[in-house]
Every structure is written in structure tokens, then in C-alpha cells.
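The structure under discussion appears below in the form of C-alpha cells.
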Amino acid sequence: MNLQQLSVFREVMKTGSVSAAARNLHRTQPAVSASLKALEASLGVALFHREGRRLTPVPEAHYLLSEASEILDRLEMTSSNLAELRNRARGTIKVAAMPGTSAYLLPEFVSGFISEKENVQVTLATRSSPQILSMIAAQSFDVGFCDIKIDQARRDLFESVHIDRDCVVALRQDHRLADRSSISAIDLDNQPMGTLHDGHRVYEDTERAFLQSGARFNVRVRAQFFMPLFHFIEAGQICAVVDVMSAESYRRLHGDRGVIHFADFTPSVPFDYSIVTPLQKPPSVLAQDFVFQWERFVRGIVDL
């Protein structure tokens with residue numbers, strides 16, 4: 001008994017004749033008859049009472065039809081699902097991202113990514129960059145987006161795509177420096193500033209930029225990530241050196257209503273983005289496509 005024989009048998013049962021089944025299956029009548037006889041021989045059971053060219057199903061045939069239909073329907077569904085997986089139209093993907101990106105840009109991207117994929121399920125998690133690396137290393141998530149550059153010592157745990165871009169400075173549109181496209185640390189000497197928490201690389205690099213320029217780094221507000229700083233900037237209470245993804249999040253979220261001006265900052269404060277996947281867990285076709293599309297989306301922002 002094989003799947004081809006079961007398909008022929010089901011079509012004969014459905015149409016009630018060998019000739020009709022042959023037409024529907026695009027086969028000859030002798031081939032269909034031979035397939036039925038081979039099925040009966042393999043089962044050791046006669047499935048039809050034959051009177052000339054007329055076939056009358058016996059009770060065993062009705063039982064087999066029920067079983068065969070279930071098997072063939074299941075096979076067709078599996079084949080269809082695999083086709084959808086291959087075409088990135090079905091599956092699950094779990095993504096963990098740092099807070100600034102997950103607040104707006106990532107949901108915007110994911111919304112577009114799944115817009116024509118009704119059978120794709122997505123889980124989004126917001127975590128700190130060290131937590132993201134732990135989750136990817138544990139293979140509990142498919143893709144991570146963080147601000148930690150993966151060094152050589154961790155290459156046994158992660159596959160990664162690295163993207164870098166210098167930070168920009170953010171200040172209110174009515175600030176005395178808001179007409180400039182480039183602002184230096186000396187321009188911000190002793191200005192109230194917002195920044196990330198002590199120990200973060202951006203905090204250290206921003207502080208170093210001020211010191212090297214002979215400017216005073218007057219920190220008024222510290223935050224875990226950049227997005228909360230925008231509230232204080234809008235209030236005119238601080239300026240801040242922020243990454244371009246956070247700046248783009250603000251622009252897209254507020255549009256013409258935004259009151260923050262962004263400009264290049266010197267000396268440069270680099271910011272590293274990493275798209276990470278678990279090395280020990282081969283990614284699905286869906287995850288591969290997600291990484292490819294997300295990298296293109298991110299580069300489209302940071303390369304502006």
C-alpha cells in the first residue's frame with residue numbers, strides 16, 4: 001500500500017467509476033484499475049464487488065476510505081504548510097530588542113514584515129543589551145538587536161551583523177544652537193546634559209569628547225536608555241548626545257509636531273548596533289528573511 005494507490009482509491013470512491021477517476025487524475029483507465037488491484041493485493045482484502053465494469057464498494061472499502069482520506073488530507077496540509085514555511089508565509093519568530101528601538105521602530109518594521117503573512121506569529125521582548133545576548137545564547141529567542149559589538153571571544157555563541165554610526169546631538173528647536181547642522185562639545189560647554197547611566201560606553205565616550213575639547217560635561221539627567229531623555233529636551237531642560245535610531249524613532253513618532261532639533265556632534269561618539277542570532281540553532285527561512293530585511297531597514301536609517 002502506498003500513497004499513490006490510496007489517492008487512486010479515494011478518487012474512485014469519490015467519483016463512483018474508474019473512468020471518471022482516470023479523467024480527474026489524468027491517467028488511463030487500465031492504470032487506475034491496476035492500481036486498485038495492487039492495493040487489494042497488498043491488503044489481502046477485496047475492496048469492490050465487480051460486476052462487469054461496475055464496481056460496488058464493500059464495507060471494508062468504506063473503512064479504508066475514512067482512513068485514507070485522513071492520511072491524504074494530513075499529507076496535503078503538511079505539504080501546504082511546508083510550502084508556506086519555504087515562502088516565509090508561516091511560522092513563528094521571537095525577537096528581543098533594546099528599549100529605544102523596541103519603542104517604535106521595531107514594531108513599525110514588524111508590522112510591515114507580517115502584513116501579508118497571516119500565519120506568521122511574532123513575539124517581541126524589550127530587554128537590556130546584556131540580557132538580549134543571554135537570551136540569544138540560551139536559544140530562547142531567534143533574533144536579538146542590541147548595542148553591544150560582538151567580540152571574537154563570543155563568536156562561538158552568536159552569529160552577528162555589525163552596524164555602526166556616530167551619535168547625534170539633540171536639543172530644543174528654540175535653543176541658540178538649533179540653526180546648526182553640526183555642534184561641537186565646546187559649543188555645549190557647561191550646558192545641562194542628559195546621558196545614559198555611568199559605565200555605559202556612550203556615557204564614557206561623551207564624557208571623553210567633552211574633556212578632550214576642554215568643555216565641561218554638566219550632567220543633569222541620567223537614564224537607562226535614550227527615549228526618556230526626549231521629554232527633558234522638549235522641556236528645554238537639557239541637551240543630549242543620542243544614537244540615530246532613537247533620533248529616528250522620535251522623528252517618526254512626532255512628525256511635524258516634534259520640537260527637537262538633531263545635528264551632527266563632534267568629536268564623534270560612536271554607537272554600535274548588532275543583529276545577533278544563536279550560532280548553535282540554525283535559523284528558519286523566516287528568521288533568515290527577518291534578519292535580512294531588518295538589516296536593510298536599519299542601514300536605511302543609519303546611512304542617511
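Residues are listed down the side, and each one gets a yes or a no for (1) within 25 Å of the chain's Cα centre (by Cα); (2) closer than 16 Å to His200 by Cα; (3) free of Cβ contacts under 8 Å to residues at least 60 places away in the same chain:
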| site | (1), (2), (3) |
| --- | --- |
| Arg222 | no, yes, yes |
| Phe232 | no, no, yes |
| Gln237 | no, no, yes |
| Asp243 | yes, yes, no |
| Ala247 | yes, no, no |
| Arg251 | yes, no, yes |
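One residue stands out in the range 202-222 among those that are modelled with pLDDT of 95 or more and open to solvent by less than 20 Å² (accessible area, probe 1.4 Å): the one that is farthest from Val168 (Cα to Cα), namely Ala215. Among the residues of the range 223-233, those identified as assigned to a helix (DSSP H, G or I) and either open to solvent by 30 Å² or more (accessible area, probe 1.4 Å) or acidic (Asp, Glu) (or both) are His231, Phe232.
Among the residues of the range 252-269, those that are modelled with pLDDT of 95 or more and not aromatic (Phe, Trp, Tyr) comprise Val259, Ile260, His261, Ala263, Asp264, Thr266, Pro267, Ser268, Val269. Of a type in the set (A, V, I, L, M), open to solvent by less than 80 Å² (accessible area, probe 1.4 Å) and part of a loop (DSSP other than H, G, I, E, B) - does that describe any residue in the range 21-29? No: the range 21-29 contains no residue that is of a type in the set (A, V, I, L, M), open to solvent by less than 80 Å² (accessible area, probe 1.4 Å) and part of a loop (DSSP other than H, G, I, E, B). Taking each residue of the range 280-304 that is in contact (Cβ under 8 Å) with a residue 12 or more places away in the chain and within 16 Å of Glu108 (Cβ to Cβ) and looking for partners that are part of a helix (DSSP H, G or I) and among the β-branched types (Val, Ile, Thr) with beta-carbon atoms closer than 6 Å, six or more apart or interchain, yields Val302/Val244.
Could you check the range 234-289 and list, in sequence order, the residues that are part of a helix (DSSP H, G or I), hydrophobic (A, V, I, L, M, F, W, C) and either in contact with a strand residue (DSSP E or B) (Cβ under 7 Å, 6 or more places away or on another chain) or buried (at least 17 other Cβ atoms within 10 Å of the Cβ) (or both)? Result: Val244, Met245, Ala247, Leu286, Ala287. Listed by position, the strands (runs of 3 or more DSSP E) inside the range 130-183 whose residues that are modelled with pLDDT of 90 or more and buried (at least 19 other Cβ atoms within 10 Å of the Cβ) number at least 3 are 143-146, 168-172. Put simply, of Ala61, Ala83 the only residue that is at pLDDT 80 or above, farther than 18 Å from Thr277 by Cα and aliphatic (A, V, I, L, M) is Ala61.
The values are calculated or read from the model by the stated rules, or taken from the named source; none is laboratory data. Not measured: the values here are computed from a predicted model. Ideal geometry is used to build each Cβ from the backbone, glycine not excepted, and the neighbour counts take in all protein chains shown. To get the accessible areas, we keep the full protein, side chains included, count just its heavy atoms, and leave off ligands, DNA and RNA. Shrake-Rupley method; radii C 1.70, N 1.55, O 1.52, S 1.80 Å.
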